[in-house]
Amino acid sequence: MPTQNRKGRVSGLLPDFPWDTIAAVKQKAAAHSGGLVDLSVGTPVDAVDPLIRAALGSVAAVPGYPTTHGTPELRSAAVAALARRFGVTGVDPAAVLPVLGTKELIAGLPRLLGVGSGELVVIPEIAYPTYEVGALLAGAKPWRADGLTQIGPQNPALIFVNSPSNPTGKVLPVEHLRKVVAFARERGAIVASDECYLGLTWEGEAVSILDPRVCDGDHTGLLAIHSLSKTSNLASYRAGFLAGDPELVAELLEVRKHSGMIMPFPVQAAMTAALSDDVHEAEQRERYRARREILRNALLRAGFRIDFSEAGLYLWATRGEPCRVTLDWLAERGILAAPGDFYGPRSPEHVRIALTATDERIAEAAARLS
């Protein structure tokens, strides 16, 4: 059968890839005489710390297969980092699992957990697109809801929460997360908490789903998802991990072992080093803090309103007009942002502006805005 006549392609289940829709705007921004300032994606631009690179190279000659579960040293380093950086206690090292970047995990998690066709997967109203993709790939039904009353009498199989949020930078308080945990346990749902921006909180306090104040030290039915792409600049390494309910992690491990979802051994060593050192993480956080202040002030002076944005690598900004109009306004100044409609129908007037550019490009963006 000719390939063009094949039916049932998996890609047919999915929406258009969002970034493909702004190619023309990117071309317009790139034509600016001062060059493009790309603030549309959260890609790190700062160098990987020498300590991490040394750890990667130290085992580069090892030829054998690594384990899917990760080395004991990696899992222990993750447990220690969760406690030291975020106050998360009671995590069993066996209940830690390295993953090949958290996007891969989120896209595959409903299927890996056995969420079935037609079952409900709750995602935030304004959300990173991969939550919806994960539900669709499993044949499940994505349901956008920020409040539990929006779910009604339905019994979801999986609830995604994201605090601090991508794209909005909104932080969910302890009491809200406690209600999510109680609701999920009452309805028999699993909670997967995307906490990739937990280490980049600028205002207030962001907490993990595994924080004792949220779950009373009981990790049953809970999974926390963490990335080293942000404060350790390891996006190119595809370095992340999840932790939480030992039974759920054991199930995911078993499935991933059969699937060959194995993190390369040198990356495991690099992760261990990154999780064991807080100095490089603090330095990177301060770089982002400085860039955020410059960009935030410039946007406010240019007439933007910034909503939420208490944490994370983005400013959630609006000029009170359709987001694609704002996108074009920025492109005229050689600046590329991400339109709010990437993240669902509830954000038609916002743009997401990333802090992930060099100091020089951030300063250039601020100058153009003024």
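Things to note:
- Given (1) in contact with a helix residue (DSSP H, G or I) (Cβ under 6 Å, 6 or more places away or on another chain); (2) modelled with pLDDT of 95 or more; (3) outside any loop (DSSP other than H, G, I, E, B); (4) within 26 Å of V10 (Cα to Cα), index of the condition Y131 fails: (1)
- Residues satisfying the stated conditions in the range 297-319, i.e. open to solvent by 30 Å² or more (accessible area, probe 1.4 Å) and under 10 Å from H350 (Cβ atoms): R305, I306, D307, F308, R319
- Taking each residue of the range 181-207 that is within 21 Å of L315 (Cα to Cα) and looking for partners that are of a type in the set (S, T, Y) and not in a loop (DSSP other than H, G, I, E, B) with beta-carbon atoms closer than 6 Å, six or more apart or interchain, yields C196/T102; C196/S227.
- Within the span defined as the range 174-186, one or more residues are acidic (D, E) and more than 30 Å from V41 (Cα to Cα).
- The condition of being in contact with a Leu (Cβ under 6 Å, 6 or more places away or on another chain), open to solvent by 10 Å² or more (accessible area, probe 1.4 Å), modelled with pLDDT of 95 or more and hydroxyl-bearing (S, T, Y) holds for only one of T272, T358, that being T272.
- Selection within the range 24-43 - farther than 25 Å from S232 by Cα and open to solvent by 60 Å² or more (accessible area, probe 1.4 Å): A24, K26, Q27, K28, A31, S33
- Residue in the range 154-164 that is assigned by the TED database to the domain that holds G108, more than 20 Å from S117 (Cβ to Cβ) and either of a type in the set (K, R) or open to solvent by 30 Å² or more (accessible area, probe 1.4 Å) (or both) present: no
- Output for the range 218-234, where each listed residue is of a type in the set (A, V, I, L, M, F, W, C) and within 11 Å of the chain's Cα centre (by Cα): I225, L228
- Wholly within the range 44-124, helices (runs of 4 or more DSSP H) carrying at least 3 residues that are buried (at least 23 other Cβ atoms within 10 Å of the Cβ): 72-86, 102-112
- Only one entry in L177, L112 is under 21 Å from A243 (Cβ atoms) and in contact with a Cys (Cβ under 9 Å, 6 or more places away or on another chain), namely L177.
- Selection within the range 244-258 - under 16 Å from I106 (Cα atoms) and either without any contact (Cβ under 8 Å) to a residue 12 or more places away in the chain or of a type in the set (D, E) (or both): E251
- Tabulated pairs, the range 220-233, first not assigned by the TED database to the domain that holds T356 and at pLDDT 95 or above, second buried (at least 24 other Cβ atoms within 10 Å of the Cβ) and of a type in the set (D, E, K, R), C-beta under 7 angstrom, 6+ apart or interchain: A224/E195; I225/D194; I225/E195; H226/E195
- Unique match (being surrounded by fewer than 19 Cβ atoms within 10 Å (Cβ to Cβ) and closer than 27 Å to L172 by Cα) among R333, R346: R346
- Within the range 54-73, being of a type in the set (A, V, I, L, M) and either touching a strand residue (DSSP E or B) at 6+ places or on another chain (Cβ under 6 Å) or free of Cβ contacts under 8 Å to residues at least 60 places away in the same chain (or both) holds for one residue alone: A61.
The values are calculated or read from the model by the stated rules, or taken from the named source; none is laboratory data. Values in this document were obtained by computation on a predicted structure and should not be read as measured data. Positions of Cβ are generated from backbone atoms using ideal geometry, with glycine treated the same way; all protein chains shown enter the neighbour counts. Areas reflect the complete protein model, heavy atoms only, side chains present, ligands, DNA and RNA absent. Shrake-Rupley method; radii C 1.70, N 1.55, O 1.52, S 1.80 Å.
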